[in-house]
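Written out below as structure tokens is the structure these notes cover.
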Amino acid sequence: MAVVDLTMEYIGERVPPETIRMDIPLRSEQTRYTGVVYKFINESMSGSYIDFPGHIAETDNGEYADNFSIERVYRVPASVIRMHCRSGHGAVSGEDLEKAFGGVPSTETLIINALGEFDPRDVENRSVYLDHSAIDWIIASGCRLLMSDIYESQALHGVFPKLFGAGITTVCMPVNLNQLPLPEVKL
């Protein structure tokens, strides 16, 4: 079985990570020394990341990385949809997704590789995106976990509130989706 790494490295371009050194005096009757502890302050949207509905205050369902059941995202069957959209393509519709897959997926996890061989970093940001009919189609398919190389348009038309409102967790900024075999994998 082939293993494909889908994680983009940490980029930290928007907000550089901050490291704070804390010197902690440790004392007892037997010894005295100073422990060094580091606190890392980091942006959560750098490289590949999981977005829970709580990422938006209005759709917060109380599930976060610290209490989300790992079984719901680890080695789950996932349907793979592959397209070949170029930079500037515009909207991808529900009809486009269904045609590319050849029907409606039967898994609760969906992987959309709309950019085909293109690395998402080489495509104009948000110039290929899911329209409302695509979001409706994803929700109607029974999807609970969505990994995609496209999501929102530059106009910010409400993809995430709709997905999160339906209880769908997303994985953002994946890479190498084109290396996944079709039509189904274990994510």
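The values are calculated or read from the model by the stated rules, or taken from the named source; none is laboratory data. Note that the structure is a prediction, hence the values are computed from the model and not measured. As a convention, Cβ positions derive from the backbone with ideal geometry for all residues, glycine included, and neighbour counts pool all protein chains shown. Quick note on the areas: whole protein, heavy atoms, side chains included, nothing else; ligands and nucleic acids left out. Shrake-Rupley method; radii C 1.70, N 1.55, O 1.52, S 1.80 Å.
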Strands (runs of 3 or more DSSP E) completely within segment 18-111 that count 3 or more residues being free of Cβ contacts under 8 Å to residues at least 40 places away in the same chain and under 30 Å from residue 122 (Cα atoms): none
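Applying the selection to segment 156-165, what residues are in contact with a strand residue (DSSP E or B) (Cβ under 9 Å, 6 or more places away or on another chain) and either assigned to a loop (DSSP other than H, G, I, E, B) or crowded, with 21+ Cβ neighbours inside 10 Å (or both)? Spell out how you get there, then give the answer.
In the first step, residues of segment 156-165 are kept if they are in contact with a strand residue (DSSP E or B) (Cβ under 9 Å, 6 or more places away or on another chain); the result is 157, 159-160, 163-164.
Those that are in contact with a strand residue (DSSP E or B) (Cβ under 9 Å, 6 or more places away or on another chain) and either assigned to a loop (DSSP other than H, G, I, E, B) or crowded, with 21+ Cβ neighbours inside 10 Å (or both): 157, 159, 163, 164.
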Whichever residue in segment 122-152 is open to solvent by 10 Å² or more (accessible area, probe 1.4 Å) and touching a residue at least 60 places away in the same chain (Cβ under 8 Å) and, among such residues, is nearest to residue 50 (Cα to Cα): 147
Positions within segment 77-116 being open to solvent by 40 Å² or more (accessible area, probe 1.4 Å) and within 18 Å of the chain's Cα centre (by Cα), in sequence order: 77, 82, 108
